[in-house]
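The values are calculated or read from the model by the stated rules, or taken from the named source; none is laboratory data. Quick caveat, the model's predicted, so the values are computed rather than measured. Here the Cβ is made from the backbone with ideal geometry for all residues, glycine too, and neighbour counts use every protein chain on show.
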Amino acid sequence: MPEAPAGTLYRGREGMWSWLAHRVTGFGIFFFLLVHVLDTALVRVSPEAYNAVIGTYKNPIMGLGEAALVAAIVYHAFNGIRVTLVDFWSEGPRYHRVMLWIVVGLWVVTMAFFLPRHLGNVFGGH
Amino acid sequence: MAETTPLVIEAPRTPARRRTTTRTNYELYGWVFMRASGVVLVVLIFGHLFLNLIDGDGISAIDFGFVAGKWASPLWQVWDLLMLWLAMIHGTNGVRTIINDYAERTGTRVVLKSALYLAFTVVVVLGTLVIFTFDPCPAGAAADLLPSFCPR
């Protein structure tokens, strides 16, 4: 395989950075998914085992981790729809930059709705 | 009598032809699958996140009884099964692409992709078995940890 020279920015700008963020978030989400199936599989061991492990998801540090996970999923979801529109909608490539800013806007709105609720549940002292 | 392939003698300077024996459309199917499964996964995962993290008391309400209550309904069994399979295939194909992009030595690619496919198989088989063999009222478990519909 030919090697790319180090330190290049490909073409930069919205196209490259949205692609990079899509790749990084997808990679991270995949490894969470592996762990998440394993922790859920503990329901097959015993209620106590499952509750003990899911209990660790409720501490504040994990709560912040879940916020980061949801932030990654929401970006990957909206940007994935953008990628699909770029590929299948005849006007998609023309509007790919505008659509990225719509993705960012929807991400901000979704997180503004999600974060207070989730952090309230995590830090609210139930 | 067996048919014989006619011997073709190429004209001089005919460009070398690419091997066509391994040309398939699997990369195209994978490309289509990423988009199709992605759209379905947005619905499945947003529904999952809403019910588990936003609705009610969110993460602090999740325990064995919560999971058992959900899987008492075939809707959520099918929902979670579909989510498991689509997300695992989507994610595995994505990581396969990343390995192909960055692992430059053939040996490294073989090792990484073998580990990836092993993880895929273990997680999908385990997850599927858990959904189908789940017992919401295991014998001998403390009653206060079980969903309310279990016989006391």
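Taking residues in region A:63-81 that are free of Cβ contacts under 8 Å to residues at least 24 places away in the same chain, and partners anywhere that are in a helix (DSSP H, G or I), the pairs with Cβ atoms closer than 6 Å and at least 6 places apart or on different chains are A:ALA77/B:VAL42. Within region B:111-131, track down each residue that is touching a residue at least 24 places away in the same chain (Cβ under 8 Å) and either closer than 23 Å to B:SER73 by Cα or outside any helix (DSSP H, G or I) (or both). Within region B:111-131, B:VAL123, B:VAL124, B:GLY127, B:THR128, B:ILE131 meet the criteria.
Inside region B:70-96, residues that are within 11 Å of chain A (Cβ to nearest Cβ), farther than 26 Å from A:THR25 by Cβ and in contact (Cβ under 8 Å) with a residue 60 or more places away in the chain make up a count of 1. Looking only at residues in region B:33-69 that are within 20 Å of A:ARG117 (Cα to Cα) and charged (D, E, K, R), the one that is farthest from the other protein chains (Cβ to nearest Cβ) is B:ASP55.
Residues of region B:99-124 that are closer than 30 Å to A:GLU48 by Cα and either facing chain A (nearest Cβ under 10 Å) or loosely packed, with under 10 Cβ neighbours inside 10 Å (or both): B:ALA119, B:PHE120, B:VAL122, B:VAL123, B:VAL124. Among the residues of region A:50-65, those identified as within 9 Å of chain B (Cβ to nearest Cβ) and among the aliphatic types (A, V, I, L, M) are A:ILE54, A:MET62. The condition of being of a type in the set (Lys, Arg) and at pLDDT below 95 holds for only one of A:ARG23, A:ARG82, A:ARG13, that being A:ARG13.
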